[in-house]
Amino acid sequence: MTDRIEAAAAELRPLLQEFILWARENAPGSDSNLVGSVVLWHRLIASDNVGRWKRADLRTVLLDRMPQVVEDPDAAADGMVPAVRAYLTFLSETDRLAKGSSSLKELLAELDDLEDDFVDAMEDIVVDQDEYDDDEEDEGLGDFEPFADELAELPTIRLRPDAELAAATREATLITKARDLAVWVGSERRVGETSLLTDAEITEALAALGLPAPTAGGKALADSVPALWNIWNLAIDLDFLQPEGEDTVSADADTADWPFEEDDDALDVWMAGLHSIDYGDPELEDEEATIALSGLTRALLVRVLLATGSKPLAELRTELAEAAAEYDERGAEAWAAATAQYGDPLNPVLDWLAGYGMVEVEHDQVRLTPLGMEGVVHLTDDADIELDARPAIDAMTALDLLSFSAELPEEEADAEFAAWMELREPDRAAKELLEAAAEDDADALVRVQAASMVGSLGEVAVPAWQDALNEPSLRPYAATHLAQLGVDDAPPPTQADTHWLILDMLTISAGLGRPEFVSSLDDIGNVPNLVNLLDVIWKVPHPHLEELLEAIGKAHPDKQVGKAAKRALFKARSTHN
């Protein structure tokens, strides 16, 4: 069956690549990646003609087969039927819906009929998986979840600034190789169905990348160059290579410009290929042995992270050999096979990670680079595991400080602020904080945090407060603090300023939940005072005014307040419109 699957996948690859391009323009809301497994199993169990679709095929593939093979039932429930709808439309509009097929109208009607059943089937799988997850916490060699508690207890991880990380991406040799391969591919190179390149082309590509040609053996040349295909796949991940039509591939127009000058562009490229770390896993002659060691690269990364970024190679080797044996019944055998093939099963892992700029090995010590630390933090985030990761103090912007401090306990936030202040003159720090707070007038929490920090600086912050008078969202705070400091000629706070401060306070309390929100309303005053406030506060051009008035109308237990809030909301909306 494996051979049939591989042959069918190779047959379908050009068609799917063209569909992906078509979907970008014609069905941007669909997830074209979900179509592959449906089309593959349609070819294997329903029709020997990939373009012939009958109504019964949809039920056979989606309801009978997909529940057995789907990898992400949540994603499938949300997007597989819309993706198949887009694919069938693509076949019809490009004249690929073969003779003998049901009409597109009939096929789409059948999709509509079976969609609820398909979603129910996927939800059943999710329930079963959740039950299995409760029993089996350790899912695989590269799974981060078993380490979630240990990761949460790590000390604060400090991340380097984007400029430094971008400079490191430009030195990543694997990205350079991916660029070189794409440049060699050029424009509209034809690719084959079973092997993308001919033997002569493979030899040329290896030479272009500086990779050694394999020694003569019994295998086909295409099966003897996994390193070439890993770089090919990386080039696709990075968008350096893109499909053009059914059987051609081309280098992206910007590929030859790598390394890109703009830091954001360079980092975007590197992030696009982050999951290529899986290409570092050992590839063995035996497919089951290869599967037994899948996830080895991730397993190494999480262990180095738990060692706060550096761990002896010998310890890693011992731990990972034991983990491989524990996670898979063929793990020990696979480890021995990888030792025979590579000298050390960790050699391909470390080669790939070093080539992607994520680790350095020195004196038998494996160390995460700043780029590697950034990448592992992203991988743990992808696994829904929280880490305490923040920019390094010397790389922390004012907005970073405000955003992180708003989520920290008061004592820890004060320590972060004090460390940040040690690197700046107080007057300059005040200016940076208020400028950061003015970037988004909808972020009341950041604004309050900035006002508190700048307020603690005293008279040295007067020039920054005076500049902030020109920012509508900060003027209430600036006027209040200047008045408290007794600054001559400072405009006194107005009633509108006071109302803005109240709305900011309500915005923050609304985010804490209904009890906190109602409590903050009670703090404003009794019912008559609150009604009087609502009769005038609707005039304030606050970004959260309407949603706050609506929330007051729903949350406050007094009917008078509810009615006053609804009146105020009507006036605010009428004025806005």
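The values are calculated or read from the model by the stated rules, or taken from the named source; none is laboratory data. These numbers come from a predicted model, not from an experiment. Backbone-built Cβ (ideal geometry, glycine too); neighbour counts: all protein chains shown. Accessible surface areas use protein heavy atoms only, side chains included; no ligands, DNA or RNA. Shrake-Rupley method; radii C 1.70, N 1.55, O 1.52, S 1.80 Å.
Quick notes on this structure:
- Residue within region 170-179 that is small (Gly, Ala, Ser) and either free of Cβ contacts under 8 Å to residues at least 40 places away in the same chain or open to solvent by 40 Å² or more (accessible area, probe 1.4 Å) (or both) present: no
- Any hit, region 533-551, residues being among the β-branched types (Val, Ile, Thr) and open to solvent by 10 Å² or more (accessible area, probe 1.4 Å): yes
- Qualifying positions in region 305-325 - surrounded by fewer than 16 Cβ atoms within 10 Å (Cβ to Cβ) and touching a residue at least 12 places away in the same chain (Cβ under 8 Å): 306, 308, 310, 312, 314, 319
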